[in-house]
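So the structure is just underneath, and the comments pick up after that.
The values are calculated or read from the model by the stated rules, or taken from the named source; none is laboratory data. Computed from a predicted structure; not experimentally measured. Neighbour counts run over all protein chains shown; Cβ positions are idealised from the backbone, glycine included.
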């Protein structure tokens, strides 16, 4: 399996910060945002990763991440000239995939669940990660029944559930065949939800329900929340070790 980090888009909701740099390079507590989805890929055993970003940020991205050697992986870079959808960006990775399955991950998504076991166990078809959210209208909404996906809708006015499709997508290589046939949606983009729906319609879609926090850090509020959560988790991890040292003194 190969990884694709999708870091395109204009980041309009985070201006003026994104007039300076790509939102995936903005800080979340003590690390750049991109480190969190990157770690998800690395934990899943993925060492060949394509980074896709816009022309205005490619120099910063390559300058910061480099070849990948400091992360024990190998980066390939592609420029998405215009933000025409996540599926359009993913389609740019077809040659890079070279017949392998893909784990596509949005560069502004942070997962607090350990999803590496699902990445490593993936064998084919499609697999998504869903999370209960208070505002499902903002997302691709997934309706499920036990272990089965019932329906998927992109930003529906009347959501059938409160489960959002999050920004990690496991697809086998057949996704590229479908992407080549796609037509833009009403907003002029190739929608990643349509790729997921295609797997569902062909009976090849699985899902996992996230139990811990998930952050789509595309707004000031969610970026701030992400920093708070990361700080809390890191301090909580350090405290037992400090207590043990203190007790032995």
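Only one residue in 27, 55 is closer than 26 Å to residue 226 by Cα and either surrounded by fewer than 23 Cβ atoms within 10 Å (Cβ to Cβ) or touching a helix residue (DSSP H, G or I) at 6+ places or on another chain (Cβ under 9 Å) (or both). Which one?
Residue meeting the stated conditions: 27.
Exactly one of (1) under 30 Å from residue 236 (Cβ atoms); (2) in a strand (DSSP E or B) is unmet by residue 51. Its number?
Every listed condition holds for residue 51 apart from (1).
Quick one: in region 1-34, which of the residues that are under 15 Å from residue 221 (Cα atoms) and assigned to a loop (DSSP other than H, G, I, E, B) is farthest from the chain's Cα centre (by Cα)?
Ranking the candidates gives 16 first.
Just to be sure before I move on: is residue 36 out of contact with any strand residue (DSSP E or B) (no Cβ under 9 Å at 6 or more places or on another chain) and farther than 23 Å from residue 191 by Cα in the structure I sent?
Answer is no for this residue.
Does residue 157 fit the bill of being within 18 Å of the chain's Cα centre (by Cα) and either outside any helix (DSSP H, G or I) or at pLDDT 95 or above (or both)?
So residue 157 fails the test.
When you go through (1) more than 20 Å from residue 108 (Cβ to Cβ); (2) at pLDDT 95 or above; (3) not in a loop (DSSP other than H, G, I, E, B) one by one for residue 173, which number turns out not to apply?
It is condition (3) that residue 173 fails.
Of everything in region 94-111, what is surrounded by 21 or more Cβ atoms within 10 Å (Cβ to Cβ) and in a loop (DSSP other than H, G, I, E, B)? Give them in sequence order.
Selection gives 107, 108.
Among the residues of region 112-131, which ones are touching a strand residue (DSSP E or B) at 6+ places or on another chain (Cβ under 6 Å) and either more than 22 Å from residue 87 (Cα to Cα) or outside any loop (DSSP other than H, G, I, E, B) (or both)?
Scanning region 112-131 gives 118, 119, 126, 127, 128, 129, 130, 131.
Out of the residues in region 58-79 that are assigned to a strand (DSSP E or B) and in contact with a helix residue (DSSP H, G or I) (Cβ under 9 Å, 6 or more places away or on another chain), state the one that is surrounded by the most Cβ atoms within 10 Å (Cβ to Cβ).
Checking each candidate, the answer is 75.
Which one of 164, 87 is part of a helix (DSSP H, G or I), under 16 Å from the mean Cα position of the chain (by Cα) and surrounded by 13 or more Cβ atoms within 10 Å (Cβ to Cβ)?
Exactly one residue qualifies, and that residue is 87.
Can you tell me which of 141, 133 is touching a residue at least 12 places away in the same chain (Cβ under 8 Å), buried (at least 22 other Cβ atoms within 10 Å of the Cβ) and more than 14 Å from the chain's Cα centre (by Cα)?
141
Under 6 Å by Cβ, and 6 or more places apart or on different chains, what pairs join a residue from region 54-81 that is under 18 Å from residue 32 (Cβ atoms) with one that is in a helix (DSSP H, G or I)?
Between residues of region 54-81 that are under 18 Å from residue 32 (Cβ atoms) and residues that are in a helix (DSSP H, G or I), the close pairs are 75/65; 77/62.
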